[in-house]
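The values are calculated or read from the model by the stated rules, or taken from the named source; none is laboratory data. Predicted model, so just to flag it, every value in this text is computed and none were measured. Counting neighbours? That spans all protein chains shown, and the Cβs are built from the backbone with ideal geometry, glycine included.
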Amino acid sequence: MQKSLDAKLTRILDDPNCGDFIIADAKDADMAFGLSAPGKSPEHHAHEARFRTLEEYRQLMREIVAQGMVDIMLMSASTNEVLTIEERIFDASHVTPAVRANDTTDIWLAAGTGRYGAQPSLPFRTATIDHIMCGKAECEPAERSRGADLGLYSVTFNNDAPADRHALEQYKQFRVEAETKGFRHFLEVFDPNCPGDHPPADLGRFVADNIVRTLAGVTKRGRPLFLKIPYHGPAAMEALAGYDRSLVVGILGGSSGTTFDAFQMLWEAKKHGARVALYGRKINHAEHQLTFVKYLRTLADGQIEPAEAVRAYHADLGKLGIQPYRTLQDDLQQTSTASSYTGTSTPVGRRPYQTVSLPAEAADPDFSKMSPAEKAQWNLQRWKRILG
């Protein structure tokens, strides 16, 4: 079966304004959080710390793949072995299986330590390309189609030449091996997790410049299919997305926040040039994941706007008899959410795109009824609120 990812990428590269948008469900968190990765169980109580089991986590993946509204299911190598190689759930699906191909130390988030994410990121790969593709150390050529042929490779630049050079050397080795074995990848670039005394003054520009500089030396065969980066706002997104039409830019979701946060980020990023969204915690922490994904798809396809989607999502929860985590009024607020895996304080120099808590109507006015002068004044006031 033709994969929707491949069809959409072809159309996007041919015409960036075609309207196609790629959604990935990032359920690779067991390579970062450990026991808490599957999220809270429906039976969770604050004093019990009850989380879903790994099998419950994988069952949610099966259901979302069967629903067919995402384009990519991102997993750990061990889950890929079960769902892709053994159960073959992707054979009759347009959803593409993908695997986290490396696990840098800034996503090592074992509870009780709290240290790894606060130390400079070091490159590391638990999974091998062969294990992802066929489930064993060495694949025969005919076996490479058994598993996934797409992986996520992550790099964190910390504005430190020796550390950043080492990260790029490891990425180069991965790219060469991947090209040799017919393995595709997309590139995730995190914000600096530990820049020390030298935090970049303009974080969005720092990340974009490092991406552009890195990929300038990479020919087509070794390039990532698309990018996964923090959303640093309209200007940063437009600059990177407009720089090179062959570079498809995607956003990462970060921490969950409100439902409006998730919907607004996708809607706004798409408006300014993003063509992919990879949501992990935003999906996994939703009251009902299938319904949440349904509205992500509706938003991505331009059929609804964020505030309306939040209201419709709450209405559907009511029909399902599910109690929402927040009141509708609270869930329509725009809040500050972390873009890093750690979810801790934002690095110095970082200005999250969500910084004010406003009702949806105030944050998202009807521009069609505003004059050019009113639009300019609204935007000026918005940035005054953001920058302080």
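Tabulated results
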| read-out | value |
| --- | --- |
| Complete set of residues in the stretch 168-221 that are part of a loop (DSSP other than H, G, I, E, B) and farther than 12 Å from Thr156 by Cβ | Gly182, Phe183, Gly196, Asp197, His198, Pro199, Pro200, Ala201, Asp202, Gly217, Val218, Thr219 |
| Residue satisfying all of: in the stretch 1-51; in contact with a Gly (Cβ under 7 Å, 6 or more places away or on another chain) and either surrounded by fewer than 18 Cβ atoms within 10 Å (Cβ to Cβ) or modelled with pLDDT under 95 (or both); farthest from Thr291 (Cα to Cα) among these | Gly19 |
| Test for Asp209: is it under 25 Å from Lys27 (Cα atoms) and either touching a Leu at 6+ places or on another chain (Cβ under 6 Å) or at pLDDT 95 or above (or both) | no |
| Residues located in the stretch 222-281, provided they are outside any loop (DSSP other than H, G, I, E, B) and basic (Lys, Arg) | Lys228, Lys270, Lys271, Arg281 |
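Matching residues to (1) farther than 20 Å from Val189 by Cα; (2) in contact (Cβ under 8 Å) with a residue 12 or more places away in the chain; (3) part of a helix (DSSP H, G or I):
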position	(1), (2), (3)
Met73	no, yes, no
Asn80	yes, yes, yes
Ala111	yes, yes, no
Cys139	yes, yes, no
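The rows are residues; the columns are (1) touching a helix residue (DSSP H, G or I) at 6+ places or on another chain (Cβ under 8 Å); (2) of a type in the set (Phe, Trp, Tyr); (3) closer than 20 Å to Thr104 by Cα.
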residue	(1), (2), (3)
Tyr171	yes, yes, yes
Gly196	no, no, yes
Lys220	no, no, no
Trp267	yes, yes, no
